[in-house]
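The values are calculated or read from the model by the stated rules, or taken from the named source; none is laboratory data. Keep in mind the model is a prediction, meaning the values are calculated, not measured. Methodologically, a virtual Cβ is constructed for each residue, glycine included, from the backbone with ideal geometry; neighbour enumeration extends over all protein chains shown. These accessible areas exclude ligands, DNA and RNA; they are computed on the full protein's heavy atoms, side chains included. Shrake-Rupley method; radii C 1.70, N 1.55, O 1.52, S 1.80 Å.
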Amino acid sequence: MAVLMPEPQGTALGLTTVYADQYDPKLLFPISRNIGRDAIGDHDFIGTDIWRMYEFSWLNANGLPQAAEVDVFVPASSPSIIESKSLKLYQGSFAQTRFAGGAEQVAAILKRDLSNAAGAPVEVAVNTLDTWTPTIDDLPGELLEEAFPDVSITDFEVNPELLEKAPAAIDTDVKGNIRAAVWRTNLFRSLCPVTGQPDYASVSIALTGEAVDPRSLLKYLVSYRAHRGFHEQCVEQIFHDLRSRFTFTALEVQACFTRRGGIDINPYRSMSSKMPEFVIREGRQ
């Protein structure tokens, strides 16, 4: 049965908006994580949401525009996420504001404001374009749609009942009752819970424990295609559905969503780690 996330109230999503160009932290709009977690019925998550802002700019003391890429690390333990359009509006409010202290001052302001909005300490890195050295890579794992191109799909709203244990005949890596596997897909799509706009992502799942049938895993991930949920809630629901149906000694779910409004969002959830081993920027990002 699909988990329906209630539509958050009071957001700027889908509304006609005036874009401010003078610094205004009041533009940030926090949304309680409990909205998504109550819908799932699970509040036990470890991890981080990694946000990247590619369209960040301000003025120096002389009025010369400065350009940067900004990385934001929001702990999954924070009581709130920051609604993405409000973050875009807040980002834009720096554009015509002078900051004599340069990138260090801007980073300190971002850290303060975003931590206040999230309700927990947030880490920020402001990378000016003369120092930023981006790298593009794939998420780890064997590509599911390449391994199972003939899979038949019938469910396009979340259906965790699709998840099945791997038959012994194909479960070739078993040592006792433990199997380690890493799978990924580039076919993930969900919908914004307010506007219905599509959100596309690559998703990687690393697990050690009972063997999940990878064909069923692909069917399950595709079943998000018409599901309304924020990026973080979708990743947490994937994590919950796997954890509640199989016995694992290790489980990690990592997603790289494509940009909207010059911002990409990359939630990571794990049984034991707050941060992924590698922070990946996918080619579509």
For the stretch 25-128, averaging the sequence separation of alpha carbon pairs under 8 Å that lie six or more residues apart and dividing by its residue count, the contact order in percent is 35
How big is the stretch 118-164 by Rg and Dmax over its Cα atoms, in Å? 19.7, 50
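Could you calculate the FRET efficiency of residue 278 with residue 26 from 1/(1 + (r/R0)^6), where r is the beta carbon distance between them and R0 is 35 Å, rounded to 0.05? Provide the component values of the computation, followed by the final result.
On the way: r = 36 Å, r/R0 = 1.02.
Calculated transfer efficiency: 0.45.
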The equivalent-ellipsoid semi-axes of the stretch 202-243, taken as the square roots of five times the Cα gyration tensor eigenvalues and listed largest first in whole Å, are 18, 12, 8
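Can you give me the orientation-averaged projected area of the convex hull built on the Cα atoms of the chain, in nm²?
Details: hull surface 60.0 nm².
Over all viewing directions, the chain projects a mean Cα-hull area of 15.0 nm².
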For the chain, build the charge dipole from Cβ charges (+1 Lys, Arg; -1 Asp, Glu) around the Cα centre, then report which of 272, 70, 187 sits farthest towards its positive end. 70
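Got the relative contact order for the stretch 79-221 handy, in percent, Cα pairs under 8 Å and 6 or more residues apart?
It rounds to 24 percent for the stretch 79-221.
Over all distinct Cα pairs, what is the inverse of the mean 1/r for the stretch 19-129, reported as the Kirkwood hydrodynamic radius in Å?
Numbers: mean 1/r = 0.0690 Å⁻¹.
The answer is 14.5 Å.
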Using just the helices of the chain, give the 222 nm mean residue ellipticity in deg cm²/dmol: DSSP H runs with n ≥ 4 each add -39,500 (n - 2.57), and the total is spread over all residues, rounded to 500. -6500 deg cm²/dmol
Counting only protein heavy atoms and leaving out ligands, DNA and RNA, the solvent-accessible surface of residue 188 at a 1.4 Å probe, in Å² to the nearest 10, equals 0
Give the shape of the stretch 73-122 as rounded, prolate or oblate, defined through the alpha-carbon gyration tensor: a ≥ b ≥ c are the square roots of its eigenvalues, a/c under 1.5 means rounded, and otherwise the shape is prolate if a/b is larger than b/c and oblate if not. oblate
For the chain, modelled as a Gaussian network with Cα springs under 10 Å, which listed residue fluctuates most, 200, 19, 220? 19
Hey, got the dipole for the stretch 17-168? About the Cα centre, +1 on K and R Cβ, -1 on D and E Cβ, debye to the nearest 20? 1080
Relative contact order computed over the chain (Cα-Cα under 8 Å; 6+ residues apart), in percent: 22
Extent of the stretch 142-270 along each principal axis, from alpha carbon coordinates, in Å, largest to smallest? 47, 29, 24
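Using a 1.4 Å probe on the protein chains only, how many percent of the accessible area of the stretch 142-270 belongs to carbon and sulfur?
On the way: 2430 of 4920 Å².
About 49 percent, which is the carbon plus sulfur part of the accessible surface.
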Two pseudo-spin positions, 7 Å from Cα along C-beta at residue 116 and at residue 130, lie apart in nanometres by 3.1
